[in-house]
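Everything on this sheet refers to the single structure shown next.
None of the figures in this text is laboratory data; all of them are computed from the coordinates on show. Predicted model, so just to flag it, every value in this text is computed and none were measured. So basically every Cβ, Gly included, is an ideal-geometry build from the backbone, and we count neighbours across all protein chains shown.
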Amino acid sequence: MNVYWSLQRRLSSRLSRPLASLLGVLAASLWLSLPVWAQRLDPAVRDSFLSDPLTASPRDPLLPELKVERPLSPLELYALEQELDALNQEAQTLLAAGQPMAAFEQWRREVRLRRLLGTEAELAAIERIAPLAWSAQQSVDLQLLALRLRQIWQPQLADKVVLDLDETPTASPLGDEQLVRLASVFQTLRDGNAAIAIYQQLVERAGRPTVRLARLTQLAGLQQQWFRFAAAAENYQTLAAAADDAEQQMEFLKQLAYSAQQAEDYAQAIAAQTQLLRRYRQLGLAEQEAPVEIAIAQNYRRLRQFEPALTYYRLAYRTAQQLAQFGYSATVLKELGELYVERGQLNEAITMYNLLVRVEQQSYNYYGVMHAYDQLGQIYRTQGNVANAIAAFEAGLRFAEQLDYQQDYFREQLSALRTG
């Protein structure tokens, strides 16, 4: 577990965003499969940590010996609080000295005894220690803290290592502020299921519509973060319908489209993107239109609905050309070229790649020009048009030589054509 997360963090800092995101998905998937490694938690350690300090045996030395069973007096509680503050300082010193195991043994003891000072004191200690446990990759302490938080939140869930979101947790006696704090700590501990379940409760118990919508926004964001995209899309659809502010509605529509797309519900994504595009046109935000039109075309393409895909690609190209958004124009032409090749419409593909050469030249993207000539050369070769294929590869070679990139590739293509 520790090795995996260490590797994931190191690689994420060096890789592209898509690859880093993939690693994040894998890491979260590992965490969400908690039972696989949570079984290694020693039952004696678990039971000791979750037990009542006043009745457990052996009794912690920081607790006074009582002749009869009774709550601690205010003076005894004050003395215990001072001892626990000292215990925290000792743990911090141990961690700074490179002794994490010893440090977290002290913090584990502190958290266990803090519950005698009340929920607020215990929660504050867990909030302080949870990020330290995560940074130090203390898997046992992460599990223990998550289990104790569940016990605070809802005692009947204390034995559940992973929460089944199909179950509806009962109403919690904690106030909204404490629930929000619990959800935040659950996120720190990477227990996304519990955090989501808490916000579902917060949405259900919200009285005023404005509070409910705010909670629903937070819930949808959490669901996105923990890859529950279908549920997030459902909530963003509700939020977009309820929004009375144009900017807010457009943001919800963006998130709805993203969530639906991640859930592979491309029809729902198209509906959101179409509504977003209508908003942009109403507000005169022409510069925002092309990327949405491209996204709609891509989703129609995923649905294998080629005619509406072509319609939106052409629309995006016209929009981008009018605004000199050559990057979007190039994207349209590349994807149309690919689409026509897939459909065997090679003459139409040639038209797209010839247009792409001009667009890439307009934006001085010589790599793009080189690759467009490469595509033209391949299509002409497929058609058996050797002369045009040679001309395209020769043009590509000139740009490759200017860029000092892939010259050998183009020379090999030309050699094969001339000797074949």
| query | What number, rounded to the nearest 500 deg cm²/dmol, is the helix-based mean residue ellipticity at 222 nm of the chain, given -39500 (n - 2.57) per DSSP H run of at least four residues and division by all its residues? | reply | -24500 deg cm²/dmol
| Cα gyration tensor category, rounded, prolate or oblate, for segment 310-420 with a/c compared to 1.5 | oblate
| task | Under 1.5 on a/c is rounded, so check that first for segment 345-397, then, if it is not, pick prolate when a/b is larger than b/c and oblate when it is not; a ≥ b ≥ c are the square roots of the alpha carbon gyration tensor eigenvalues. | result | oblate
| remark: Highest mean packing first, using Cβ neighbours within 10 angstrom, the peptides 90-96, 59-65 sort as 90-96, 59-65
| request: Specify the angular offset, from 0 to 90 degrees and rounded to the nearest 10, of the alpha carbon long axis of helix 306-322 from the longest principal axis of the alpha carbons in the chain. | output: 80 degrees
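Count charges around Leu323 for me, please; just the other residues with Cβ under 13 Å from its Cβ, Lys/Arg as +1, Asp/Glu as -1. Mind showing how you got there, number by number?
On the way: positive: Arg318; negative: Glu287, Glu289, Glu293.
Every neighbour counted, the sum reads -2.
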| query | Considering the dipole of segment 242-288 built from charges on the beta carbon (Lys and Arg +1, Asp and Glu -1) around the Cα centre, which of Gln261, Leu277, Ala243 is farthest to its positive end? | reply | Leu277
| remark: Taking 403-409, 224-230, 67-73, 52-58 and ranking on average Cβ neighbours within 10 Å, highest first, one gets 224-230, 403-409, 52-58, 67-73
| At most 12 other Cβ within 10 Å, DSSP loop - trypsin sites (Lys or Arg not before Pro), segment 339-420 | Arg343
| message | What is the sum of charges, Lys and Arg at +1 and Asp and Glu at -1, for the other residues whose Cβ falls under 12 Å from the Cβ of Ala309? | response | 0
| query | Expressed as an acute angle from 0 to 90° and rounded to the nearest 10, what is the orientation of the C-alpha long axis of helix 386-403 relative to the principal long axis of the chain? | reply | 50 degrees
| request: Could you rank the peptides 141-148, 325-332, 359-366, 40-47 by their average count of other C-beta atoms within 10 Å per residue, with the highest value first? | output: 141-148, 325-332, 359-366, 40-47
| task | Quick one: net charge around Tyr78, please, counting Lys, Arg +1 and Asp, Glu -1 for every other residue with C-beta under 14 Å from its C-beta. | result | -3
| field | Acute angle (nearest 10 degrees) that the helix 17-32 long axis makes with the longest principal axis of the chain, alpha-carbon atoms | value | 30 degrees
| query | Once you charge only the Cβ atoms, +1 for Lys and Arg and -1 for Asp and Glu, what is the size of the charge dipole of the chain about its Cα centre, to the nearest 20 debye? | reply | 760 debye
| task | Once you have a ≥ b ≥ c as the square roots of the Cα gyration tensor eigenvalues for segment 210-329, tell me rounded if a/c is under 1.5, and otherwise prolate or oblate according to whether a/b is larger than b/c. | result | oblate
